[in-house]
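Undergrad: Below are the C-alpha cells for one structure; questions will follow.
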Amino acid sequence: MPLNIAELNEAIADALPDREAIVFGKRRITFAEFNDRTRRLANLLLDHGITVHAERENLQNWQSGQDHVGLYMYNCNEYPEGILGCLKARAVPININYRYVEEELIYVMRDAGLKALIFHGCFADKVDAIRHQLPDLKLLIQVEDGSNTPLLEGAIAYEDALTSSSSEKPDVIPSPDDLYVIYTGGTTGMPKGVLWRQCDFLPSVLGGRHDDGSPIEDIGTFIDKAVNSKSSSSLAAPPYMHGTGQIVSFVAWHNGNTVVLQDNMTHMDPAELMEVAEREKVKTIAIVGDAFARPIADEIERKKYDLSSWRLMVSSGAIFSTSVKNRLLAKNPKLTIIDAFGSSETGAHGHNVASGNIDDKTSKFEFSPNGVALNQGKTALATSEDESLGWFAVKGNIPLGYLNDEQKTNETFPVVDGVRYSIPGDRVRLDPDGVMNFMGRDSVTINSGGEKIFAEEVEQAILHHPEVQDVVVSSRPSERWGNEVVAIVQARNGKTPSDQSLLKTAEQHIARYKLPKAIIRVEKVKRGENGKMDYRWAKEIASSLQEISHAT
C-alpha cells in the first residue's frame, strides 16, 4: 500500500538505531536519538491539539485539513527534527524564508494559517513584532542558536519542551494522504505553498521508485536497501528553508546514510564546507547550481583538500554551467556530477550525468517517462511539427495544487485527454527524433523585436566566459525592440572583461538577436540563499540604471 514518510523513518530507526543520522558541528545524532526527539516533538504538538482535523477525501485539491507549523530557522538538527515531528503528529511543516522582511513574513504565515512556530532565538525580535498580526498562532517554540537571546515572552524553550514531552510513539495513525508542503521562493511572484500527498512526494521527489518508475509501496524494500548500504555521508549545503536541502536529506536517510550539515548556520562558507567534507569523509555533496559550485571550485583550486571520499555532486534548481563542471572534474577526476531538472511542482523528472571532460553537446537532459511536452494551448501532446513552443509537463505522482488558490491550481495542474498534468512553466521544443529541448522558464521570457528570448539561455552563454563569476539576465523597455536584453555581470577575481569579449564568447552559443543590448557590472549578483536567481532584483537594476554601456 502507499507509504507515509513518518512511518518509513520510524521503521528505518528501528532497523538502524545506532547508525548516525545527523552530524552538525559537535552533535552526532543516531537514528534512535533522531526518532526519540521527533516523537517528543510530535507529542508536544499533539498535547496542544496541533494535528489533523479533516481527512483528504473531504477536501479540494487546494485545501488542507491539517494544522500548519512554521519552521523559521537556519540549518541545524532541529530543522529536520521539526519536519519529522510535525509529520508524526499529522501536522504540516511550513518552510519560512529567514531572509524575509516583516511584510513578507506576515504574508506567508497568514497564507499558511500557522498554528505553531519553531524559530531560532536570533529571530525572536521579528517574531515578537509580528505575532499580534497572526491570530491563529498559538504555540511558540524557541530554539537556542548560540545568540543567547532571552526566551520570548509566551514561548517555550525547544530542549525543555522535548525533555518534558513523552517519547512514546504518537497516538495517531499517519496517512499516505497526509500533506508535505513546500513554499516556493517567490522570485518572480508571491510565494505559494505547493501541496503534495506524501504517497506522491515519496516516489516523485524522494526517489522512492522502482527501476521501472513505479512507486515503492513496501517498507521492507526501503529497509533492505538501508540495512545493506555502506553508510556513506551526504553533505546538504542548501538551506533547509528551501526544498533541495530537505529532499537530499530524506533521500540519504531512506538509504540508511548520514546527513552532514555545515558548522556555520548562517551562510555558505566554501572553505568551511570543504573542511567539513574532508573531516567527515563525505561521499555526496548537494548544491544548487553555480551559486554553490563556483565558490567550491574556487576554493579547491586555492587550497588542497583530501577529498578522496567525494564521489558524487548533485545539483538542482538552478543553472549548473559546463565550465564550472569541468573545473570541478579537473580537480576531482573520480567525481560524478548529477544535474537534476525539476521544480517544487514536479519533483525531479530529468537529469544529466557528467564525468570526465564535458561540453554542451554532452550536457543534454534525459527525462523520465512521465516527463512530456504539451502543445502551446495545453490541449494535447506536442509534436516536432509544432511551430510554437510547447510546455514541459509531468504526469503520474504530482502535487494536488497550491494552498488556498483554486485558480492557480487549475491553471498549473490541468486535465488533458483525461490525464492530470503538472505544468510548472518551462518552455520546450521537440526535435524531429522526439528529443525534448529545454528553452527556459516562461516567467522570465523576454519578448524582443518579435522574438522570444529566454533569460536562462543567455545566462548560460555568458557563463562560458572564464572571467565571469555570475550573471543574471533581465530586460528593460526599448523604443526599437519593445524590450531589450540586459545582462548583469559579476566578474571573477576582480577582472573586468570587456563588452566585446563577453559578446564574442556568448555568440558562440546563441544567435546574435539574443545577445544583450546592454551590460551592467555589479560587485555581486543577488541570489536567494537557495542559489536561485532573484529576477525581481534584476528587473529593478535593468530598468532603473540609466548610464550603462550599450553592447550592440
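The values are calculated or read from the model by the stated rules, or taken from the named source; none is laboratory data. Everything quoted here is computed from the prediction, not taken from an experiment. All Cβ positions, even for glycine, are placed from backbone atoms using ideal geometry, and neighbour counts span all protein chains on display. SASA here: full protein model, heavy atoms, side chains in, ligands and nucleic acids out. Shrake-Rupley method; radii C 1.70, N 1.55, O 1.52, S 1.80 Å.
Undergrad: Let me make sure I get this right: for the range 178-327, a, b and c are the square roots of the gyration tensor eigenvalues over alpha carbons, sorted descending. Under 1.5 in a/c it's rounded, otherwise prolate if a/b > b/c, else oblate. Which is it?
TA: Values: a/c = 2.03, a/b = 1.28, b/c = 1.59.
Here the range 178-327 falls in the oblate category.
Undergrad: Next up: Rg and Dmax of the range 73-187 over Cα atoms: what are they, in angstrom?
TA: Considering the range 73-187 through its Cα atoms, Rg and Dmax are 14.3, 42 Å.
Undergrad: Per residue, how much accessible surface does the range 33-86 expose to a 1.4 Å probe? Answer in Å², no decimals.
TA: Values: 1660 Å² over 54 residues.
Accessible area per residue, the range 33-86: 31 Å².
Undergrad: Treat every Asp and Glu Cβ in the chain as -1 and every Lys and Arg Cβ as +1, leave all other atoms uncharged, and give the resulting dipole magnitude about the Cα centre to the nearest 20 debye.
TA: 1280 debye
Undergrad: Next question, about the same structure. Around Ile106, with a cut-off of 15 angstrom between Cβ atoms, what is the net charge of the other residues, counting Lys and Arg +1 and Asp and Glu -1?
TA: So the environment of Ile106 carries a net charge of -3.
Undergrad: Holding the Cα-Cα limit at 30 Å, pick out from Lys378/Lys532; Lys325/Lys452; Lys378/Lys452; Lys230/Lys325; Lys126/Lys283; Lys126/Lys495 the pairs that are longer than that.
TA: From the list (Lys378/Lys532; Lys325/Lys452; Lys378/Lys452; Lys230/Lys325; Lys126/Lys283; Lys126/Lys495), the Cα-Cα distance tops 30 Å for Lys126/Lys283; Lys126/Lys495.
Undergrad: Leaving ligands and nucleic acids out of the surface, order Arg294, Arg28 by accessible area at 1.4 Å, largest first.
TA: Highest to lowest solvent-accessible surface, that is Arg28, Arg294.
Undergrad: Under unit Cβ charges (Lys, Arg +1; Asp, Glu -1), what dipole magnitude, rounded to 20 debye, does the range 244-296 have relative to its Cα centre?
TA: 220 debye
Undergrad: In addition: Mean residue ellipticity at 222 nm from the helices of the chain, using -39,500 (n - 2.57) per DSSP H segment of n ≥ 4 over the full residue count, to the nearest 500 deg cm²/dmol?
TA: Calculated mean residue ellipticity at 222 nm is -8500 deg cm²/dmol.
Undergrad: Near Lys26, which lysines are there with a Cα under 18 Å away, not counting those fewer than 8 places off in the same chain?
TA: Candidates past the 8-residue exclusion: Lys281.
Undergrad: At 0.36 nm per residue, minus the direct Cα-Cα distance, what do Asp269 and Arg311 gain on full extension? Give it in nm, one decimal, please. Please report the intermediate quantities before stating the final value.
TA: Details: separation 42, 0.36 × 42 = 15.12 nm, distance 2.06 nm.
Answer, rounded to one decimal: 13.1 nm.
Undergrad: Rule-of-thumb check for the range 388-440: C-alpha Rg over 2.2 N^0.38 Å?
TA: My calculation over the Cα atoms of the range 388-440 gives 1.26.
Undergrad: Could you tell me the calculated FRET efficiency between Met190 and Leu59, based on Cβ-Cβ distance and R0 = 30 angstrom, to the nearest 0.05?
TA: That gives a FRET efficiency of 0.85.
Undergrad: With the full set of protein chains in place, find how many percent of the accessible area of the chain is carbon and sulfur; take the probe as 1.4 Å. Don't skip to the answer; put the middle values down first.
TA: Values: 10840 of 23090 Å².
About 47 percent, which is the carbon plus sulfur part of the accessible surface.
Undergrad: In terms of the Cα gyration tensor, with a ≥ b ≥ c the square roots of its eigenvalues, is the range 398-485 rounded because a/c is under 1.5, prolate because a/b exceeds b/c, or oblate?
TA: prolate
Undergrad: For the range 19-80, divide the Cα radius of gyration by the Kirkwood radius and give the resulting Rg/Rh value with two decimals.
TA: Rounded to two decimals, Rg/Rh equals 1.09.
Undergrad: Note down the relative contact order for the chain as a percent, whole number, built from C-alpha pairs under 8 angstrom at least six residues apart.
TA: Dividing the mean separation by the residue count of the chain yields 11 percent.
Undergrad: What distance in nm separates the two pseudo spin-label positions at Glu467 and Ala511, each 7 Å out from Cα along the beta-carbon direction?
TA: Reported label-point gap for Glu467 and Ala511 is 3.0 nm.
Undergrad: Can I ask one more? Pairs of Cα atoms under 8 Å, at least six residues apart: use those to get the relative contact order of the range 1-91, whole percent.
TA: Contact order relative to length: 31 percent.
Undergrad: Right, another one. Cα to Cα, under 16 Å, and not fewer than 8 places away if on the same chain: which aspartates and glutamates meet these conditions relative to Lys115?
TA: Asp47, Asp67, Asp128, Asp136
Undergrad: Where the only charges are on Cβ atoms (+1 Lys, Arg; -1 Asp, Glu), what is the dipole of the range 21-102 about its Cα centre, to the nearest 20 debye?
TA: About 380 debye.
Undergrad: Sort Arg27, Arg527 by accessible area with a 1.4 Å probe, largest first.
TA: Values: Arg27 100, Arg527 30 Å².
These residues rank, largest area first, as Arg27, Arg527.
Undergrad: Tell me, in nm to one decimal, what length is gained between His132 and Lys303 on full extension, where the rule is 0.36 nm per residue of separation less the Cα-Cα distance?
TA: Extra length from His132 to Lys303 when fully extended: 56.6 nm.
Undergrad: Once you wrap a convex hull around the alpha carbon atoms of the range 483-526, what is its projected area averaged over all directions, in nm²?
TA: Working: hull surface 14.1 nm².
The number I arrive at for the range 483-526 is 3.5 nm².
Undergrad: Quick one: compute a quarter of the convex hull surface over the Cα atoms of the chain and quote it in nm².
TA: For the chain, the mean projected area of the Cα convex hull comes to 25.2 nm².
Undergrad: Still on this structure: On a 1.4 Å probe surface of the protein chains, which of Val251, Val259 comes out largest in accessible area, and what is the full order?
TA: The ranking, largest first, comes out as Val251, Val259.
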